[in-house]
Structure formats: C-alpha cells, structure tokens
Amino acid sequence: MAQPAAGDNNQGRSSGVAAAVAAEEGNNVDVATTAPTVGESARPESVEDSQATQSQDIQSLSDEDIFALTQNIKNEEASRRPLVSPVSPLSELRAEFSPFADVMGTTDSGASEYEGPNANVLRKIDWLQKHGGWQAIRRTRGDGDCFYRSLAFAYVEKILTASEPGLAVATSLSHLESTLPLLERAGFQKIVFEDFYEAFAELIQQVVPAPGKLPLTNETLLEQFQNPEISNSIVVFLRLLTSAYIRLSPEDDFMPFLIHPDTGEMVDIRTFVETFVEATGREADHPQIMALSRALRVRIEVAYLDNSNGTLLEDGTLPVNFVKFSPEGAEEDGTKPVVLLYRPGHYDTLEEKLEA
C-alpha cells in the first residue's frame with residue numbers, strides 16, 4: 001500500500017492509514033480509546049464483565065491499571081460482536097438497563113424500574129418507542145470506529161430505500177467524486193485514498209447496478225458491511241474526508257470544539273485531526289460529525305441516550321434530545337436524514353421498523 005504525501009503532517013497520516021491497512025488485512029478489531037458507556041458504568045454488559053471486575057481489588061489498582069482493565073474487557077466484548085449487526089428491537093436494549101429485564105414500568109409487587117439507577121435511560125427508551133416512532137436499533141461494533149461505520153451503513157441504506165433510488169445514487173456519486181480534490185488539497189495523495197474511495201462508491205453504485213449485475217438488497221448491504229476489507233476501507237475514507245474538511249475550513253468553524261477528550265484542553269487543528277480523526281479506533285464527537293455532515297452533504301440526527309434529567313411527560317417517559325446537523329444542499333437527493341443513537345462512548349443506528 002502506498003504511503004501518504006510527504007509533508008509536516010506525514011507522520012500522523014501514516015499512522016492512521018497504516019492502522020486501517022492492518023485492519024484490511026484481517027486485524028479488524030481496533031483498540032478503542034473510549035470512556036465507559038452508560039451501560040458499562042451503570043451495570044455490566046455481561047456476566048463475564050461482572051466477574052472480571054469483581055475479581056480485582058479495585059482499591060489497589062492505579063488509574064492506568066483500571067483503564068487497562070476496562071479497555072481489555074471492552075475489547076473482548078467488541079470482538080464478539082459483528083462489525084454491523086442485524087436489526088434488533090429496542091426492547092432488547094431496554095432489557096440491558098432494566099432491573100427486571102422482561103417487564104416495562106411496574107411489576108406486580110409494585111416495584112418500579114423507574115426508581116432504579118438507570119431510570120432516565122429507561123424513560124428515554126420508552127419515549128423513543130411510544131412517542132418518537134423508533135422501534136429498532138442496528139448495533140455496530142464498539143471498536144472506536146462505530147460513528148463512521150454506523151453513518152456509512154445508514155447513508156447507503158437511505159439511498160437504497162429512497163423514493164427515487166436512481167436520483168439518490170446519481171446525486172451521491174456526483175458529490176462523492178467532487179470531494180476528491182478536497183482530499184488532495186489537504187495533502188493526501190490520490191494513491192493513498194483511491195482504493196478506500198472506490199470501495200464506498202462501488203457499494204453505492206450497486207443500488208442501481210449496470211445491466212447483468214445483481215442489485216444491492218438489505219441482506220447484501222449487511223453482508224458487505226460485515227466484510228472487514230470493505231467495511232474498514234469505507235471507515236478510512238470517511239476519516240480522511242473528515243480530516244480534510246476540518247483542515248481546509250476556516251479556523252473559527254472548528255476551533256471552539258477542538259478539545260482533547262482526556263485532558264479537556266484545547267488542541268490545534270493539526271494535532272486534533274492526526275490524533276482523533278485520521279487514526280482508526282478513535283471516537284468521534286461534535287466536530288467530526290459536523291465536518292462529515294458538511295463534506296457528504298448529508299443530514300444527520302443524533303439521539304442522545306443518557307441518564308440525564310429532564311421534564312417528564314404524563315406517562316412517565318422522558319423526551320430524548322436530538323442534535324441535528326443540516327448542511328446546505330443536503331436535501332437534493334430526496335432522502336431521509338441519517339439517525340444515530342448515541343450512548344456515551346458509542347454510536348448505533350435507529351430504525352423505524354424492525355424488519356429493516
């Protein structure tokens with residue numbers, strides 16, 4: 001695989017691309033550098049997680065030891081989940097936070113799960129189902145690339161289900177091709193990104209294939225994203241595109257958001273993109289979402305599922321906060337926005353129907 005263009009930012013770009021190439025060649029479980037999710041901090045995700053944690057004397061561990069232990073647990077759990085999973089009902093996610101698991105609201109004994117430590121998470125999931133019109137979730141592996149992978153899957157899926165797929169494909173491919181000069185102006189050589197770009201473009205083209213070719217279906221779309229070579233190539237392309245957009249935008253657009261996630265300190269653009277955008281396995285936050293939304297001209301809505309308080313409705317549910325990214329020109333293809341579900345440290349996609 002060719003190396004990035006030479007320049008003052010060559011080292012950072014090489015590390016990100018090298019990690020992606022390693023993933024392409026089979027090492028597709030990236031080491032995520034994430035904080036525990038709501039589910040991880042409030043209750044273990046599995047019996048193995050609980051046993052592993054309880055077997056340690058937490059009081060005797062340093063902060064570094066605790067971080068390493070948590071990271072190992074997360075990596076082991078991530079390796080057991082597909083890169084992208086089939087759609088599952090929101091009730092399954094709800095059960096992970098419920099002290100009763102198989103009931104909603106109040107049990108016969110009068111005990112209410114709304115009184116437990118995950119009360120607000122449960123109230124918000126109930127709101128999504130009862131008032132938001134969301135019935136399902138498509139999970140993505142928690143490997144630090146979940147935002148880019150979830151977005152990419154949902155992006156192609158919305159083209160696949162568009163009222164005019166031909167128009168959606170043509171609009172998407174035309175704009176995607178127009179982003180290539182942006183990558184070159186940011187210092188990335190074509191030989192570095194063209195294979196990653198082609199993996200994404202070819203997948204979109206399959207929605208309306210050439211004569212004699214089989215069209216993309218929901219089933220084959222899932223198969224493609226479960227293929228590490230294709231899936232990770234698309235992730236790398238989106239990371240490079242995000243980096244290029246941030247690098248070439250006016251500083252005032254992104255500087256207020258360029259904060260080191262571990263220290264809380266402001267960082268310069270070069271450090272930010274080399275460390276938190278181009279390198280695989282690093283989480284995305286507001287600046288990455290904003291940049292990629294603009295670069296792809298795609299509307300993105302992020303539903304924030306956490307344990308924060310709010311104003312309860314009469315039925316006891318708690319409205320979910322949706323943060324919307326609507327760049328100029330995003331409605332030209334006639335498709336719906338991409339809707340992601342965010343739990344601290346992780347992104348999945350929300351689905352209106354279980355059979356998606």
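The values are calculated or read from the model by the stated rules, or taken from the named source; none is laboratory data. It should be emphasised that the depicted structure is a prediction, and the values quoted were computed from it without experimental measurement. Neighbour counts are summed over all protein chains in view; Cβ atoms, including those assigned to glycine, are modelled from backbone coordinates with ideal geometry.
General remarks:
- Check on S178, at pLDDT 95 or above, touching a helix residue (DSSP H, G or I) at 6+ places or on another chain (Cβ under 6 Å) and not hydrophobic (A, V, I, L, M, F, W, C): no
The rows are residues; the columns are (1) out of contact with any strand residue (DSSP E or B) (no Cβ under 9 Å at 6 or more places or on another chain); (2) hydroxyl-bearing (S, T, Y); (3) surrounded by fewer than 21 Cβ atoms within 10 Å (Cβ to Cβ).
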site: Q135; (1), (2), (3): no, no, yes
site: G144; (1), (2), (3): yes, no, no
site: S150; (1), (2), (3): no, yes, no
site: T161; (1), (2), (3): yes, yes, yes
site: L167; (1), (2), (3): yes, no, yes
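- Take the conditions (1) at negative phi; (2) exposed (fewer than 15 other Cβ atoms within 10 Å of the Cβ); E274 misses just one of them, which is (2).
- Of all residues assigned to the range 208-219, none qualifies as being buried (at least 16 other Cβ atoms within 10 Å of the Cβ) and in a helix (DSSP H, G or I).
- Residue among F322, F237, F272, F225 that is more than 30 Å from E164 (Cα to Cα) and either in contact (Cβ under 8 Å) with a residue 12 or more places away in the chain or among the aliphatic types (A, V, I, L, M) (or both): F272
- Every condition in (1) more than 20 Å from K324 (Cα to Cα); (2) acidic (D, E); (3) in a helix (DSSP H, G or I) is met by D253 except one, and the failing one is (1).
- Condition met for E301 (of a type in the set (D, E), modelled with pLDDT of 95 or more and either in a helix (DSSP H, G or I) or in contact with a Gly (Cβ under 7 Å, 6 or more places away or on another chain) (or both)): no
- Odd one out for L222, checked against (1) surrounded by fewer than 18 Cβ atoms within 10 Å (Cβ to Cβ); (2) assigned to a helix (DSSP H, G or I): (1)
- Filter pass, F188 being within 24 Å of the chain's Cα centre (by Cα), farther than 22 Å from T140 by Cα and not in a helix (DSSP H, G or I): yes
- Of L313, L350, all but one fail to be surrounded by 14 or more Cβ atoms within 10 Å (Cβ to Cβ), in contact (Cβ under 8 Å) with a residue 40 or more places away in the chain, farther than 27 Å from N218 by Cβ and not polar (S, T, N, Q); the exception is L313.
- When residues of the range 76-115 are limited to those that are part of a loop (DSSP other than H, G, I, E, B) and basic (K, R), the one modelled with the lowest pLDDT: R80
- Members of the range 186-207 found to be in contact with a Leu (Cβ under 9 Å, 6 or more places away or on another chain), within 22 Å of N227 (Cα to Cα) and free of Cβ contacts under 8 Å to residues at least 60 places away in the same chain, listed by number: F193, E194, Y197, F200, A201, L203, I204, Q205, Q206, V207
- Being part of a helix (DSSP H, G or I) and of a type outside the set (A, V, I, L, M, F, W, C) is a description that does not apply to D315.
- Candidate set from the range 249-270 (those that are out of contact with any helix residue (DSSP H, G or I) (no Cβ under 6 Å at 6 or more places or on another chain) and of a type in the set (A, V, I, L, M)); member that is surrounded by the most Cβ atoms within 10 Å (Cβ to Cβ): I269
- Apart from one condition, Y342 fits all of (1) part of a strand (DSSP E or B); (2) touching a residue at least 40 places away in the same chain (Cβ under 8 Å); (3) closer than 25 Å to S174 by Cα; the exception is (3).
- Residues satisfying the stated conditions in the range 290-310, i.e. out of contact with any strand residue (DSSP E or B) (no Cβ under 7 Å at 6 or more places or on another chain), touching a residue at least 60 places away in the same chain (Cβ under 8 Å) and within 21 Å of E328 (Cα to Cα): L292, A295, L296, R297
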